[in-house]
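Everything below concerns the one structure shown next.
What follows is calculated from the coordinates using simple rules that are stated; it is not laboratory data. No experiment lies behind these values; they were computed from the predicted model shown. Every residue, glycine among them, receives a Cβ derived from its backbone with ideal geometry; neighbour counts consider all protein chains shown.
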Amino acid sequence: MMRRPMAPTPANGPRYNEFITVPKVRVIDENGENIGVLYTREAIEQAAEVGLDLVEVSPTADPPVCKFLDIGKYKYEAQKKANIARKTQKTQEIKEIKMRPNIDDHDYDTKMKKVHDFIGDGDKVKVTLRFRGRELAHQQLGMDLLRRVAENTGEIAKVESYPRMEGRQMLMVLSPK
């Protein structure tokens, strides 16, 4: 018994015409009408008579579902949909706000305004508190300041990572609710 070599699958996109290797497929014509289960060769011939390709739209079904489509147009429209989806998706960035433990009230308010802007844009905010010299002995002041930041942003953000020390700085990450 001589076996026919398997046709290579198309590099990208669905299988179509001679790339469909199953013996029988469920066929839907160009108008969306269910023709029924046919042999693959017969279905390809019927699609060619109409001037279209037989395209596998649901390869996991039993038997696989195929449609009469123009493969070029189908791939083009799928690519357009993917481009639109990629354009509209929002990537979440991590913005950083740096402070010192003995920050003045007005400076604090300015930094908080930026934190609110960043969270409003849907970005995460990393609040970094840098200690210098003898400030390192008063880490409680830093902890109180970061707790105050968390309280002021409580209605629009949640604390993703609680304050922790990394060397001479204390870090906290806020993310939008």
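Descriptive notes on the structure:
- Top-ranked residue in the range 143-177 [being assigned to a loop (DSSP other than H, G, I, E, B) and of a type in the set (K, R); ranked as farthest from M112 (Cα to Cα)]: R168
- Filtered residue count, the range 153-168, keeping only those that are surrounded by 15 or more Cβ atoms within 10 Å (Cβ to Cβ) and more than 17 Å from D123 (Cα to Cα): 1
- Residue tally, condition in contact with a helix residue (DSSP H, G or I) (Cβ under 6 Å, 6 or more places away or on another chain) and closer than 22 Å to K177 by Cα, over the range 105-145: 3
- Within the range 113-126, tally of residues that are touching an Asp or Glu at 6+ places or on another chain (Cβ under 6 Å) and farther than 17 Å from R147 by Cα: 1
- Residues in the range 99-146 that are within 15 Å of Q169 (Cα to Cα) and free of Cβ contacts under 8 Å to residues at least 24 places away in the same chain: G133, R134, A137, Q140, D144.
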